[in-house]
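Everything on this sheet refers to the single structure shown next.
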Amino acid sequence: MKLNPRQACLQAGQDGKGWQIGYDATKGPWSYGSSDRWHNRANKLVDAAIERGESHWLCADDEEPTEAEGEPYSAFSNQFYPKPDTCQWFQLWGACHWLAPWLAELGKLVFPELRWQILRGPRHSLACGTDADQNIKVLFDILNFEGMSAKDLIEFASYRPRGRTARKLGNTPLPSVH
């Protein structure tokens, strides 16, 4: 029986508009993001393990495994997803603007002597702790801390496209971003 889009969403644990129904803490915040980052990472690691002979993919059709054929693959791939009590568990990729207030609250708990604020931009948001003179002393970014320097994080969150203004309606071309 073919499901209509609303039925498919409900079967996948979403409401008819694609929104998640409720929050399941056993899944971890990472699983609620809009990014496929963790799924892509797990799939690459599983494929590499299969190539090394650590696991076997027993499927009659590589494109469409049956539920029974997919269960061992899913069980094996689970080891490559974020685990509870790790930083990755809380890395909700694609949600930096929603994470930033939470990060600022955590920052207040760890460094209560600093003034915590959110550095917001169209591409990224993060929390920063400043001294009384507004000098940044601590950056708190759970998503990009491993791959970006403090300077790069500030530039990334502070970036504003040139000519960013309200767009006019009609046939006026949009400004280009350099």
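Readers should treat all values here as calculations from the given coordinates under stated rules, not as data from a laboratory. Fair warning: this is a prediction, and the values are worked out from it, not measured in the lab. Cβ placement follows ideal geometry from the backbone for every residue including glycine, while neighbour counts extend to all protein chains displayed.
Given points 7 Å out from each Cα along the Cα-Cβ axis, report the GLU105 to THR130 separation in nanometres with one decimal.
Here the modelled spin labels are 2.3 nm apart.
Please check which bits of region 134-159 a label hung off ARG41 would reach, taking the label as a point 7 Å along Cα-to-C-beta and the cut-off as backbone N under 16 Å.
Residues 141-148 qualify, since their backbone N sits under 16 Å from the label point.
Using only the alpha carbons of region 28-90, what is the convex hull's orientation-averaged projected area in square nanometres?
Taking a quarter of the hull surface, the average projection is 4.9 nm².
Report the net charge of residues surrounding MET148, where surrounding means a beta-carbon distance below 11 angstrom and charges are Lys +1, Arg +1, Asp -1, Glu -1.
Around MET148, the charge tally is -3.
FRET efficiency for SER158 and LYS83, Cβ-Cβ distance as r, R0 = 30 Å, nearest 0.05?
0.35
Using a simple spin-label model with points 7 Å from Cα along the Cα→Cβ vector, what separation in nm is obtained for ARG120 and GLU54?
4.2 nm
Just to verify a number: FRET efficiency for GLU113 and PHE145, C-beta to C-beta distance, R0 = 22 Å, to 0.05?
Step by step, r from the Cβ atoms, then E = 0.55.
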